[in-house]
Amino acid sequence: MDDASGWSEGGTADMTGNNQVTIKVGPGGENVFDPVAVHVDPGTKIVWQWEGPGHNVEAENGEFKSETKGSGTFEYTAEEEKVIPYFCQPHKSMGMKGAIAVGNVERKEPAAPVTPAVSEGSKMLGVSTFIAMVSTLGLAYFFLRYGGDYE
């Protein structure tokens with residue numbers, strides 16, 4: 001979901017306890033689903049409501065697929081406990097993706113922040129270079145300020 005338009009970590013809308021959930025397709029002329037991801041109970045009817053033209057809804061596993069249209073709705077009833085990623089085929093490369101989490105599904109933990117790995121040798125080289133540069137500047141100042149009389 002990291003490359004889905006409008007997605008932020010932890011942004012799954014908790015819609016459990018509802019018999020029906022509506023997801024907007026292309027609201028405001030944007031290539032997004034709103035909400036991008038929903039968590040529902042098994043047996044919940046998902047209704048996609050078109051608010052922008054030229055979109056469709058298609059499950060990555062082929063479980064459902066709507067026609068490309070500019071208005072109306074498309075319905076799907078989620079029965080099995082699983083995560084169903086879906087997308088808009090014409091705008092998939094632009095990040096128009098979404099997901100439905102049905103029932104008690106395992107949630108992936110976000111990846112830990114990546115810290116750059118710098119070896120101790122590289123750190124010492126950097127410190128040594130800094131000291132050499134400061135020493136050179138110090139010597140240049142000394143010779144310019146107190147250098148010999150060249151007349």
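The values are calculated or read from the model by the stated rules, or taken from the named source; none is laboratory data. It should be emphasised that the depicted structure is a prediction, and the values quoted were computed from it without experimental measurement. Note: ideal-geometry Cβ built from the backbone for every residue, glycine included; neighbour counts use all protein chains shown.
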Checking the conditions here, which among Glu9, Glu75, Glu80, Glu106 is in a loop (DSSP other than H, G, I, E, B), more than 23 Å from the chain's Cα centre (by Cα) and of a type in the set (D, E, K, R)? Glu80
Counting only residues that are within 14 Å of His91 (Cβ to Cβ) and in contact (Cβ under 8 Å) with a residue 40 or more places away in the chain, which one in the range 27-56 is surrounded by the most Cβ atoms within 10 Å (Cβ to Cβ)? Phe33
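Matching residues to (1) surrounded by 15 or more Cβ atoms within 10 Å (Cβ to Cβ); (2) of a type outside the set (Ser, Thr, Tyr); (3) modelled with pLDDT under 95:
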site: Asp3; (1), (2), (3): no, yes, yes
site: Glu9; (1), (2), (3): no, yes, yes
site: Glu75; (1), (2), (3): no, yes, no
site: Ala78; (1), (2), (3): yes, yes, yes
site: Ala112; (1), (2), (3): no, yes, yes
